[in-house]
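Please read the structure below before turning to the comments.
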Amino acid sequence: MKQTTPLLEMRGITKRFGPLTAVDGVDLDVRAGEVHALLGENGAGKSTLMNCLFGLQQPDAGEIRIEGTPVRVDGPRAALRHGIGMVHQHFKLVPSLTVAENVFLGHERMRAFGFLDRAAQRARVAELSERYGIGVDPDAKVKDLSVGAQQRVEIIRALSEDVRLLVLDEPTAVLTPQETERLFETLRGFVAAGLGVVLISHHLSEVCRIADRVTVLRHGRRVAAERVADVDEHRLAELIVGKDLPRQTKEWGRGTPGAPKLEVRGLHVRDSRGVELIKGLDLTVHAGEIVGIAGVAGNGQTELVEAIAGIRRPGAGSIRVAGVEVAGRRPRAARVAGLAHVPEDRNTRGLSVWSPVTDNIVVGHLDDRSLGRPLLKPARVRRLAERLIERFDVRVAHPGVFAKRLSGGNAQKMVLARELSREPEVIVCCEPVRGLDIAATEFVHRQLVEHRDRGAAVLLVSTELPEILSLADRILVMFTGEVVGEFAGDRPSEFEVGRLMLGMSA
Amino acid sequence: ACGSEGTPAASGGKPAAKNMVAPLSGQLGDKSFMDSANRGFKRAETDLGVTVKVIEASTNDAPAWERNLREAAKRDDVGLVLTGGTVVASTLKKVSPAFPNQKFLIFDAPSQGPNSTGITYAQNEGAFLAGALAAYITKSPDKFPKAKGSMKVGLCAGMDIPVIRDFIVGFQQGVKTVDPNVTVDVRFTGDFVSPQKGFDTASAMFKDGADVVYQVAGPTGIGILKAAKEAGRYGIGTDSNQNDLHPGFIAASVIKSVDNTVYQAIKDFTDGKLTMGETRVGDLSNDGVSIEFDDAIVPADVQKQIGDLKQQVTDGKITVDTALK
Amino acid sequence: MTDTTAPAASPARARLSALRPSPGLRQSLIAIALGLLASLIIIAVIADEPMAAFRAFALGSFEDVYSFGTMLSIATILAITGLSSAIGFKAGAFNIGGEGQLYAGGLTAAVVALYMPGPGPVVMVTALVAAAVVGAAWIAIPALLRVYFGVTEIVTTLMSTYIAIDVTTYLVKAYFKDPQSGALETPPIPQETWLPGILSPSNANYGLFLAVLLAGAMALFLARTRLGLRLRLVGLQPSFAENVGIASDRTLLGGMLTSGALAGLAGGVAILGLTHNFIDSFSPQFGFLGITVALIGRLSPFGVLAAAVLYGSLMTGATSMQSVSDVPFALVFILQGLLILLITSQGIRRRGAM
Amino acid sequence: MSGLANFLALAITSTIPVLATAMGGAIAERARATNIAMDGSMLIAALVALGVTDKTQNVWVGLVAGVLAGGLFSALLALAAFVLRCDIIIAGIALNLLASGLALLVTVVVFHQPGTYAPAGLPTLPHVPLGPLAEIPVLGPALDRQSVLVYVALALVAVAWVVTHKTRFGLWVQAVGESDEAALAAGISPVRVRTTAIIASGLTAGVGGAFLTISVVGTFNTQTTNGAGFIALAAIIFGRATILGSAAAAFLFGLAVAASLQMQGGGGLLDPQLLHALPYVTTIVVLAVYGVRRRRVERFAASDTAYVPAIIPRD
Ligand SMILES: Nc1ncnc2c1ncn2[C@@H]1O[C@H](COP(=O)(O)OP(=O)(O)OP(=O)(O)O)[C@@H](O)[C@H]1O
Ligand SMILES: Nc1ncnc2c1ncn2[C@@H]1O[C@H](COP(=O)(O)OP(=O)(O)OP(=O)(O)O)[C@@H](O)[C@H]1O
Ligand SMILES: [Mg+2]
Ligand SMILES: [Mg+2]
């Protein structure tokens, strides 16, 4: 085994973004016929490294060799020419184009005079779909496909040329356990056919199940390269975080439910085209309780939260926040009634990127007359901001810094500082720890639990099952706009919830 | 001209009376009365030894006209301030009292006070002759082979403003005087700056049967005359001699002799004969307004008939209606 | 300017850094320098005596009281239209129809001044208020379409400008024409309704104080009031503002109506302070220039004042340049285009500042 | 009958500058590169076409020069947006100002014609007689002797349609218009696609601009376009940036212009000055209908977030 040249060798790859060195002299070897896992915390540099390989970014230093030959990858098309295909962390598909058009975008099959050869593209997609057993309809528009199907389109695209090395960046993040299993089946097929696979994932159990070897990055550096057979999940976690970890996962305890605080009855929501996204949903969250909503992204969770927060107008139904009817009213109504909303889309709805931290926080407290009336008193405004910055541990040079300059975790803490400092009766949050590292995640979770214990009703929407399982007192599963299952009392297994998320009966 | 800037009037050289500034309410190059006035200035410079410094301004910048007028008026090395255009009259009325010792000449508008002389033009009289010619054209396809004898003539104007109305009433009266059965199609393009729109409008008028279209639309009129050529009918030009723009298609031009009248006023000023506070009227009798035929198009007998009409106007036998006052 | 919050760090350093021009101001200054350099080059190519021409262009309005006052009278209008654009931008709307609102407001002011009985000052104030109201009314349709139906205000406000010019022309012709005049204009308004003049004989007038007052009020509004904070947040990121309970639609509507009102008011000030009657050529694009002035002033109210003075001096300078050279007025438009590009450039900023 | 034909003929002539301009503009709009500077491109093209026609006495050379000038000028927009990184809308406004300044400067300094530039004896583009076809009722007389640019503009519609629907470039425009991320991942440079689309919009605006000066009238002033570039933009918005939709909207504006000129002939229903505003009123009404039909936009839709403040504040 040692004398065969690796399929891919990356040597001393370095990539800087201004003062930040995202990838710092990293080496990576991938052999034909293996699944190679690439691990690391958020922001460790995994995607950046793979973007350098795929030509989406140019490394500042380092060398890439394919089967021993140094190559220059100056763009995705060059990568495909060298036999490298990539499935991106965030889907990079054009919604209104067909599957075939997406698959060949950038390397179209052409006829004379710059005209597209649609027939040839369609035929090739059908052939690939057949060969790898990945079912897709070449003529379907991508926007009409489910997330899983879009994932398959991404994979077909990665394979559309003669690919020898396939990179998958967090392909399982949006998949149910069942879909993940199917994907792994496919990957095993590739490996058997002699392809090399690079897999990026945060799910260590998956990694242990499918990968042959693993490379771990921390703060842009390679800190370990191991054979999976030689390590276990716990050891991998320690390598990733860089310190010893307790063996147990965090246990948050249970709440003691009181009176209903958030009541949703018969909620219907349609999108602008009239498609029903939520079909008659009922839901109650009591004081002192965290209700978790599990579901594959796109099954109406976002719309549910938006309807409660007043951002989306429901077609029918009732929403009561602390007894006040808010359905169809502006966000202000719900806020006045005592709602706090930590939105999924942090940078568009959660904070004002071009405003200073002060404004971002103070805007939640404008009803506070002690800030000065009619004119705001700048000194008092700043004092309030500083107090909350300290209480919520937002790490920022001074309160005049623009929210844009905050890192993800600090930005989220700033959002919490605004929303939770109002002592809300109902807290609705959607993916509150997306993109946060372990310390920040724990801070956010603790805040939620403390407010629950204080007597707030918390609705937590997340596609991360472990988060829901560890925090929620009660779990609801949403599928195609309906609640299809509820777990109270004993914690269910991931697999049980996963079945419901896919629409299978429990 | 070699009169250098700022030469004090007293220190010999040129007396202040020979230094003139002309802050205008528009730009040169309008192929119309600004250019015509400028010809008058130039002739005065060569013939009379005066200097005329022209200051242009944007056509939509009334504050700048006032500014330029004041700048010119306050200089004591300037003997006469020249300006022109109906639009600038109210500005002059405001400015001139502040400079009682300065003398102003305004063309195309009446005098605005005891220290200004005005020159106005009887455009209605010129338009009257144009109307008469238009009526003859549509009545006599035998003499004007491009006409269809439709008994329909047109006037295409820019904006509907008082001066233009003055043209219109004169034109209509001219047509009716020759033949009351000829109908007049009057249309506006809405502005003075769109030759293409002038072309489109006039083309439509020709398609609707007009044998001849008289343009009173400033730069827009260039398109109107072009339409006459494209349609193979006749156009009548305005303000300056436009007969050569499309030889064979422009039967005549009604001319406002801004150049001559302005030149004459400057000459009178240098001779000490320009009376302040009075308004000179350029009309058919003093050739301040006249009609210039294209002899290749308009036969001598028609020219003669129109000459008779002109005589009747100057004799006072015919009074041409006016839309002003 | 309204966004600065004193750093919590050492007070001495804070004071020092306050003396340094802020990066935004620095970019404006660099842009102005580059713009003037470009003008100098153009002048050098065209003019026979480039230095005299450039001198007249850059300094022409600071030579004597009259020129200075004239410049201020122009700057007054530009400041108000600049504030109009700035409040629109701050609220997140692009009102390029200031010119139309200015026409509507101008005619309104003239008509009120002509026909309303009563003591001069009362008529004057009523005329200005009416001008502002009509200015706001003139933007109402584009504003409602933008806010409630997502129709781009860029096209609709521009189109409403053309309409305003046609409609005011028609109204003057049909109802308010001066019978004494051959031009299409209203009679001169009574002298007691004029905005009182300063720096005689120039046209500078009390409108200047009004502009300064408005700038101060707007600065206070944006920096110190709750509504001002809400408006800024809506302008920067409507989806965020909505989410934190601000009615982004009503706020935006209010911002656009205010923008229209200010442009209308500017028209009123131009009539009562500058031309003293309504004639369709009363505005050398005052409304449109407001956009440039607002951008040069970086949307800060006092920045707008400074930019208005700068711009006013360029406009009067360009006129006086014409009397000493043959450089056309067109230079101002070129300079204006260049300034906007240089000032709003993010590419230059990245290298230059920070 | 002939009244209708006249009306139609007028509508067709009035449509051309807007239609031609809207074709490239629609492509740029599809690539999410709104070209507000099309009006400026038209102005520059109108002047260059006239000047070159005058100097060479060859109207075809003038046409080509005008079209190229329109393209070149719009390249400045790409430069401003992608190199100087200005907001594309504001850069467009700036370039429109720059265009009127440049046009005036060139008229004065190069052609020594203050204000209006109207060279004498200028050759103009041919008008196409239909011969026997002119006998077809209504349509025949409406199309007879129209400028050759009518056919050029119609060809542009066809070309633009084929480009957007059948070619690789059209696909890339669509991809860039929907998602930069997706385009980048496919190795397509959004900047390059947008630059090409913007230049294309400048070229077609060049056709529209040249029409204004060398089709018939042979004169130029800085108000030659009269906002036609903006009306083209409105047509694009109304046509949802589709080729045929934008073309239809452009024709609607042609009809409005024709109506404003022709309604006076029929006895003067309205004051001519108010009729003059008809095309502009139509623009607003049409956009309003479009907006209302689309119904209330979902409040603060996600696209809001793409909004970048005119001047990015600094901390
Ligand atoms: N285009 C960019 N400009 C500046 N910084 C960047 C850019 N792309 C990534 N970064 C930074 O580089 C670092 C590495 O990011 P990268 O996306 O590679 O992380 P990752 O390991 O893939 O994280 P995750 O698990 O969250 O996907 C991060 O700090 C990120 O903020
Ligand atoms: N796309 C980007 N462009 C410019 N700067 C970026 C970009 N992404 C991240 N940064 C900067 O890089 C720094 C690190 O960002 P990142 O989100 O990786 O923080 P982090 O280390 O993960 O912190 P946290 O744990 O709080 O999320 C921040 O200062 C951020 O402003
Ligand atoms: Mg990543
Ligand atoms: Mg992070």
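The values are calculated or read from the model by the stated rules, or taken from the named source; none is laboratory data. Being a predicted model, the structure only gives us computed values, none of them experimental. All Cβ positions, even for glycine, are placed from backbone atoms using ideal geometry, and neighbour counts span all protein chains on display. Note: accessible area is taken over every heavy atom of the protein model, side chains too, but ligands, DNA and RNA are not part of it. Shrake-Rupley method; radii C 1.70, N 1.55, O 1.52, S 1.80 Å.
For chain C, the membrane-span-like helix rule (DSSP H, alpha carbon extent of at least 27 Å along the helix axis, mean Kyte-Doolittle at least 1.6) picks out C:23-46, C:120-149; this says nothing about an actual membrane. Averaging 1/r over every pair of different alpha carbons in chain B and inverting the result gives a Kirkwood radius of 20.3 Å. Using a 1.4 Å probe on the protein heavy atoms, what percent of the accessible area of chain B belongs to carbon and sulfur? Solvent-exposed carbon and sulfur of chain B make up 51 percent of the total.
I'd like the distance between the alpha-carbon centres of region C:257-271 and region D:196-249, rounded to an integer number of Å. Measuring centre to centre over Cα atoms gives 32 Å. Distance distribution note for region D:1-151: the fraction of Cα pairs above 22 angstrom is 52%. In chain D, the longest principal axis of the Cα atoms and the axis of helix D:38-56 are about 50 degrees apart. For region B:34-44, putting each phi into the Karplus relation 6.51 cos²θ - 1.76 cosθ + 1.60 with θ = phi - 60° gives couplings of 5, 5, 5, 4, 4, 4, x, 4, 4, 5, 5 Hz, in residue order, rounded to whole numbers and with x for Gly and Pro. On the basis of the beta-carbon distance and an R0 of 25 Å, B:Ala296 and D:Glu135 show a calculated FRET efficiency of 0.15. P(r) tail for region B:248-325: Cα pairs beyond 16 Å make up 64% of the total. For chain A, the alpha carbon convex hull comes to 173 Å³ per residue, rounded to a whole number.
Helix B:195-207 and the longest principal axis of the Cα set of chain B meet at an angle near 30°. Here region A:8-241 exposes an accessible surface that is 47 percent carbon and sulfur, computed with a 1.4 Å probe and the other protein chains kept in place.
Each residue of region A:335-344 was assigned a 3J(HN,Hα) from its phi angle through the Karplus curve 6.51 cos²θ - 1.76 cosθ + 1.60 (θ = phi - 60°); the sequence is 5, 4, 5, x, 9, 10, 10, 9, x, 5 Hz, with glycine and proline shown as x.
Remark: for residue pairs B:Lys152/B:Lys310; B:Lys42/C:Lys173; B:Lys267/B:Lys317; B:Lys152/B:Lys229, the C-alpha separation exceeds 26 Å in B:Lys42/C:Lys173; B:Lys267/B:Lys317. The convex hull defined by the C-alpha atoms of region C:207-284 has an orientation-averaged projected area of 6.2 nm². For the residues of D:218-229, the average number of beta carbons from a partner chain within 10 Å of their own beta carbon is 5. Remark: chain C carries 33 Å² of accessible area per residue (probe radius 1.4 Å; ligands, DNA and RNA excluded). Accessible surface of chain C, 1.4 Å probe: 71 percent of it comes from carbon and sulfur atoms.
The Rg/Rh ratio for region A:178-234 is 0.98, where Rg is the radius of gyration of the alpha carbons and Rh is the Kirkwood radius.
Kindly identify region A:99-145 as rounded, prolate or oblate by the Cα gyration tensor criterion: order the square roots of the eigenvalues as a ≥ b ≥ c, call it rounded if a/c is under 1.5, otherwise compare a/b with b/c, prolate if a/b is larger, else oblate. Oblate shape, in that a/c is at least 1.5 and b/c is the bigger or equal ratio. Accessible area per residue for region A:8-241, computed on protein heavy atoms with a 1.4 Å probe, is 39 Å².
Label positions at A:Thr5 and A:Glu464, each projected 7 Å from the Cα along the C-beta direction, are separated by 4.2 nm. The value of relative contact order for chain B, using C-alpha pairs under 8 Å at least six residues apart, is 18 percent. Region A:164-213 and region A:294-346 have Cα centres lying 37 Å from one another. For region D:73-79, the Karplus equation 6.51 cos²θ - 1.76 cosθ + 1.60, evaluated at θ = phi - 60°, returns couplings of 5, 6, 4, 4, 5, 4, 4 Hz by residue, with Gly and Pro reported as x.
Summing charges over neighbours of A:Phe91, with a neighbour being any other residue whose Cβ is under 13 Å away from its Cβ, gives -1 when K and R count +1 and D and E count -1. Scaled to the globular estimate 2.2 N^0.38 Å, the Cα spread of the protein assembly as shown, given as radius of gyration, is 1.05. Computed over chain A, relative contact order equals 14 percent, with contacts defined as Cα pairs under 8 Å that lie 6+ residues apart. Top mean-square fluctuation among D:Gln273, D:Gln262, D:Gln174, Gaussian network model of chain D, C-alpha springs under 10 Å? Fluctuation is largest for D:Gln273. Electrostatic bookkeeping for B:Asp321 treats Lys and Arg as +1 and Asp and Glu as -1; over the other residues with beta carbon under 11 Å from its beta carbon, the sum is 0. Averaged over the residues of A:105-117, the number of partner chain Cβ atoms lying within 10 Å of the residue Cβ comes to 4. Descending by average beta-carbon neighbour count within 10 Å, the peptides A:485-493, D:161-169, C:180-188 line up as C:180-188, D:161-169, A:485-493, the highest first.
In this assembly, the D-B interface accounts for approximately 2700 Å² of buried accessible surface in total, computed with a 1.4 Å probe and without ligands, DNA or RNA. Close amide H pairs (under 5 Å, H built 1.01 Å from N) link A:Gly292 with A:Leu460, A:Asp473, A:Arg474, A:Ile475, A:Leu476, residues at least 5 positions away or on another chain. Which angle from 0 to 90°, rounded to the nearest 10, does the C-alpha axis of helix B:220-231 make with the longest principal axis of chain B? The angle comes out near 20 degrees. Peptide B:241-250 shows a mean partner chain C-beta count of 1 within 10 Å per residue C-beta. Burial of accessible area (probe 1.4 Å, heavy atoms of protein chains only) in region A:348-393, relative to its chain alone, reaches at least 40 Å² for A:Thr348, A:Arg349, A:Ser352, A:Trp354, A:Asp359, A:Val363, A:Leu366, A:Leu375, A:Leu376, A:Arg382.
Annotation: amide H-H contacts under 5 Å for B:Gly218 (H modelled 1.01 Å from N, sequence separation of 5 or more, or interchain): none.
Solvent-accessible surface, computed for protein heavy atoms with a probe of 1.4 Å, shrinks by 20 Å² or more for the following residues of region D:89-110 when the other protein chains are added to the isolated chain: D:Ile89, D:Ile90, D:Ile93, D:Ala94, D:Leu97, D:Leu98, D:Gly101, D:Leu104, D:Leu105, D:Val108, D:Val109.
One Cα centroid belongs to region C:174-212, the other to region B:208-256; the line between them spans 39 Å.
Peptide packing: for A:64-72, C:255-263, D:17-25, C:206-214, the average count of neighbouring Cβ atoms within 10 Å per residue gives the ranking D:17-25, C:255-263, C:206-214, A:64-72, highest mean first. Remark: chain D carries 34 Å² of accessible area per residue (probe radius 1.4 Å; ligands, DNA and RNA excluded). When D and C come together, around 5100 square angstrom of accessible surface is lost from both chains combined, probe 1.4 Å. Residues whose amide H lies under 5 Å from that of C:Val151, counting only those 5 or more places away or on a different chain, are C:Arg146; hydrogens are built 1.01 Å from N in the peptide plane. Charged neighbours of D:Gly131, selected by a Cβ distance under 15 Å, balance to -1 (K, R count +1; D, E count -1).
Kirkwood-type hydrodynamic radius, region D:3-300: 19.6 Å, calculated from all non-identical alpha-carbon pairs.
Peptide packing for B:130-141, A:330-341, A:361-372, C:220-231 was compared via the average number of neighbouring C-beta atoms within 10 Å per residue; ordered from the highest value, the list is B:130-141, A:330-341, C:220-231, A:361-372.
Note that chain C, at 20 °C in a medium of 1.002 mPa s, gets a Stokes-Einstein diffusion coefficient of 102 µm²/s from its Kirkwood radius over C-alpha pairs.
Both chains summed, the buried accessible area for A and C stands near 2700 Å², from protein heavy atoms and a 1.4 Å probe.
Solvent-accessible surface, computed for protein heavy atoms with a probe of 1.4 Å, shrinks by 10 Å² or more for the following residues of region D:234-256 when the other protein chains are added to the isolated chain: D:Ile237.
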